[in-house]
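We did not get these values from a lab; they are worked out from the coordinates using the rules stated. In this text the structure is predicted, and so the values were computed from the model without any measurement. Here Cβ is always computed from backbone atoms with ideal geometry, including for glycine, and neighbour counts include all displayed protein chains.
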Amino acid sequence: MIKRLKLEHILFLDIETVPEFADYQSLDDTSKLLWEAKTKYQRKEKFTPEEFYDRAGIWAEFGKIVCISVGYFKLKGAVRHFRVTSFYGEEAIVLKEFKTLLETHFNRPHHLLCAHNGKEFDFPYIARRMIILGIDLPGSLNLFGKKPWEVPHLDTLELWKFGDYKTFTSLKLMAHVLGIPSPKDDIDGSEVRDVFYKEKDIERIVSYCEKDTVTVAQIILKLRNEALLIASEILSV
C-alpha cells in the first residue's frame with residue numbers, strides 16, 4: 001500500500017517544543033496547581049513540580065512550539081530533490097505560516113502529513129496550540145467527524161509497529177536499524193529547552209529539526225524499498 005502513494009503528495013514534518021516559560025516560577029498560581037496535578041503520576045515521589053518543569057514542553061497545555069520543519073519531494077522524471085524549510089520564532093507566527101503552507105500547497109484530498117509518532121505528538125500538539133492561540137484549524141488537522149481512513153496522516157512509528165501497539169521505537173533507533181545515516185552533531189531532544197532558553201541558539205534547534213524531517217522521509221523511502229536520499233538531493237529553501 002505504501003508504495004502506491006506518490007511521494008510528492010506527502011508533506012514530511014517535525015516539531016520542536018519547549019516549556020512555555022523559561023522557569024517554573026514564571027507560572028501563575030493556578031497554572032502551578034494545574035501543573036502539579038497534571039504531572040503527579042509521572043513525577044511520583046521522585047521530583048517536585050518545580051524540578052519536573054523542564055519537561056513541560058511535551059504537553060501542549062504547558063509548552064509551545066519553537067520550530068516546525070517541513071520537507072517535500074520534487075520529482076521530474078528520474079531526477080528527484082527533497083526540499084526542506086522551517087518556520088521558527090514567535091509561536092503564533094510559526095503556526096500561521098505553517099497553516100498557510102497547508103492551505104495553499106497541501107490542501108487536496110490526496111495530500112498527506114507524515115511525522116514520526118505524529119499521531120500521538122506532532123499533529124495533536126500543533127492542533128492544540130492553534131486552538132489555544134485562536135487560530136482556525138486547517139482541514140488536514142481538523143479531525144472532528146472524520147472516519148479513521150479519512151484522516152490524512154502518515155506515522156512512521158505506526159508503520160513500523162505492523163499492528164504491534166506494545167512498543168515505542170525512537171526515530172534515532174529506527175534510523176539506525178534501517179541503515180539510515182544520522183549526523184553525529186545532533187542535539188538530543190532533551191537539550192532543546194536549554195538550547196532555546198539558556199544558549200538562545202534557535203538556529204541550532206532549526207538544524208536539528210530539519211535533520212529529523214529528512215530522516216522521516218528516509219524512513220518512508222526505506223519502507224518502500226527505494227534508494228535513500230544523498231546529500232546532493234537535499235535542498236534547503
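Points worth noting:
- Cα shape, region 2-118, gyration tensor, a/c 1.5 rule: prolate
- Against the main long axis of the alpha-carbon atoms of the chain, helix 122-132 sits at an angle near 50°.
- Over the C-alpha atoms of region 50-177, the Rg to Rh ratio, Rh being the Kirkwood estimate, stands at 0.98.
- Cα gyration tensor shape for the chain, rounded if a/c is under 1.5, else prolate or oblate: prolate
- P(r) of region 47-98 over all Cα-Cα pairs, binned every 10 Å from zero, in whole percent: 21, 31, 24, 16, 7, 2
- Beyond 24 Å in Cα-Cα separation lie the following of the pairs Lys99/Lys222; Lys44/Lys200; Lys6/Lys146; Lys38/Lys200; Lys40/Lys172; Lys146/Lys211: Lys99/Lys222; Lys44/Lys200; Lys38/Lys200; Lys40/Lys172; Lys146/Lys211.
- With contributions of -39500 (n - 2.57) from each DSSP H run of at least four residues, the per-residue ellipticity at 222 nm computed over the chain stands at -10500 deg cm²/dmol.
- Separation of the Ser182 and Lys96 label points, Cα + 7 Å toward Cβ, nm: 3.7
- Order by protection proxy (mean Cβ within 10 Å, highest first), peptides 61-71, 135-145: 61-71, 135-145
- Around the amide H of His153, modelled in the peptide plane, lie the amide H atoms of Leu113, all under 5 Å away and 5 or more residues distant in sequence or on another chain.
- J(HN,Hα) series, region 3-13, from Karplus relation 6.51 cos²θ - 1.76 cosθ + 1.60, nearest Hz, glycine and proline x: 6, 7, 6, 8, 4, 6, 8, 10, 9, 8, 8
- Cα-based helix-to-principal-axis angle, 202-223 vs the chain, degrees rounded to 10: 40
- For the peptides 172-178, 40-46, the ranking by packing is 172-178, 40-46, with the highest mean count of neighbouring Cβ atoms within 10 Å listed first.
- Across all Cα atoms of region 99-174, the radius of gyration (one decimal) and Dmax (whole number) stand at 13.5, 38 Å.
- Degrees, to the nearest 10: 29-38 long Cα axis against longest axis of the chain: 60
- Based on the Kirkwood approach, the hydrodynamic radius assigned to region 169-237 is 13.2 Å, with every pair of different Cα atoms included.
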